[in-house]
Every structure is written in structure tokens, then in C-alpha cells.
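Written out below as C-alpha cells is the structure these notes cover.
The values are calculated or read from the model by the stated rules, or taken from the named source; none is laboratory data. The model shown is predicted, which means the values in this text are computed figures rather than measured ones. Cβ atoms come from the backbone with ideal geometry, glycine included; neighbour counts cover every protein chain shown.
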Amino acid sequence: MKKSKFIICLVALLVVSMQSFAQNRDRNNGRSGRDSISREEIMAKRNTFLTERMELTVKETAIFIPLENELFMKRMQIGRECNRFERELHNKKEKTEEDYKKLLRCKEDVKEKRDKLDKEYLEKFKKILTAEKIWKYQNADRDFFDDFSRDRR
């Protein structure tokens with residue numbers, strides 16, 4: 001049991017490292033290396049958390065974690081422009097009703113795109129996991145971010 005958990009953690013860390021390397025190579029948007037390291041640490045902790053809570057086998061981990069990380073990064077990418085606009089609006093001295101309408105439209109679009117993406121990946125997950133493990137994934141994902149948000153406060 002300990003050996004399989006170790007292997008699962010090792011695979012998860014390897015996947016995160018490879019993805020982070022690729023992202024850092026492709027991305028140069030002015031963020032410091034420290035930001036990407038903290039993101040890597042969060043992803044590694046999240047992958048370990050999901051793997052344990054879902055009770056994934058080594059084979060399932062090797063297939064699922066890279067796919068789930070891909071989904072996670074695509075979901076973040078979808079919301080980036082909207083998040084940037086929201087920050088700009090927050091810092092803007094004189095906000096108009098039109099600004100808020102634009103923000104609401106942006107958030108609606110993000111939600112629709114993410115829902116479509118989630119549905120697409122759910123079909124992919126169904127090919128490699130049981131319905132029970134997908135249910136565990138959905139709960140574990142929510143629990144991780146609840147815990148993470150609580151710890152950051």
C-alpha cells in the first residue's frame with residue numbers, strides 16, 4: 001500500500017513538473033519564477049490529494065492526472081481575460097453601468113465555456129474511470145479548493 005502511494009505521488013509530481021516546464025518555456029508574461037513555483041506546489045498537492053481521495057490505481061493515475069491537469073489549465077485560460085477585466089474595473093475610479101454589464105456578459109461567457117469544457121472532459125473521464133471515481137473526483141476537487149481557500153485566509 002505504501003509503495004503504491006509513493007508511486008502515485010511520484011507520477012503526479014512528474015506530470016506537474018513536465019507541464020510546468022512546458023508552460024514556463026512557452027510563457028513569458030512578466031511573472032516571476034516564484035509565482036510559477038507556488039503554482040507547481042499547489043498542483044502537486046492537488047494531484048496527490050485527488051489521487052488519494054479517489055483511490056486511484058497507478059495506471060489510472062498515470063492516465064487521469066495529466067488529463068485532469070490539462071482540463072484545469074484550460075479552465076484557467078478561459079477565465080483569464082475576464083479576470084483581468086475585473087481587476088481593471090476594480091481599480092478604475094469611475095465605473096459605469098456599461099462596465100458592469102460587460103463584466104457580467106464576460107462572466108456568463110466564461111461559465112458557458114467552462115461548462116462545455118467540463119462536459120467534454122467528463123466524457124473522456126468516463127472512458128478511464130468508474131462513475132464512483134468520477135463522483136469522488138468531483139467531491140475531492142471541491143474539497144481541495146475549499147480547504148485551500150480556508151488555509152489562505
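Things worth noting here:
- Residue in the range 89-103 that is nearest to residue 137 (Cα to Cα), counting only those that are within 26 Å of the chain's Cα centre (by Cα) and surrounded by 10 or more Cβ atoms within 10 Å (Cβ to Cβ): 103
- Where residue 63 falls short, out of the listed (1) at pLDDT 95 or above; (2) closer than 16 Å to residue 141 by Cβ; (3) not charged (D, E, K, R): (2)
- Where a residue in the range 79-94 is more than 21 Å from residue 113 (Cα to Cα) and its partner, wherever it lies, is in a helix (DSSP H, G or I) and charged (D, E, K, R), with Cβ under 6 Å and at least six apart: 89/99
Let's see how each residue does on (1) modelled with pLDDT under 95; (2) surrounded by 12 or more Cβ atoms within 10 Å (Cβ to Cβ); (3) farther than 18 Å from residue 86 by Cβ:
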site	(1), (2), (3)
109	no, yes, no
122	no, yes, yes
126	no, no, yes
129	no, yes, yes
143	yes, yes, yes
148	yes, yes, yes
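- When restricted to residues that are surrounded by fewer than 21 Cβ atoms within 10 Å (Cβ to Cβ), assigned to a helix (DSSP H, G or I) and touching a residue at least 40 places away in the same chain (Cβ under 8 Å), the range 46-67 contains 10.
- Breaking point among (1) loosely packed, with under 14 Cβ neighbours inside 10 Å; (2) free of Cβ contacts under 8 Å to residues at least 24 places away in the same chain, for residue 134: (1)
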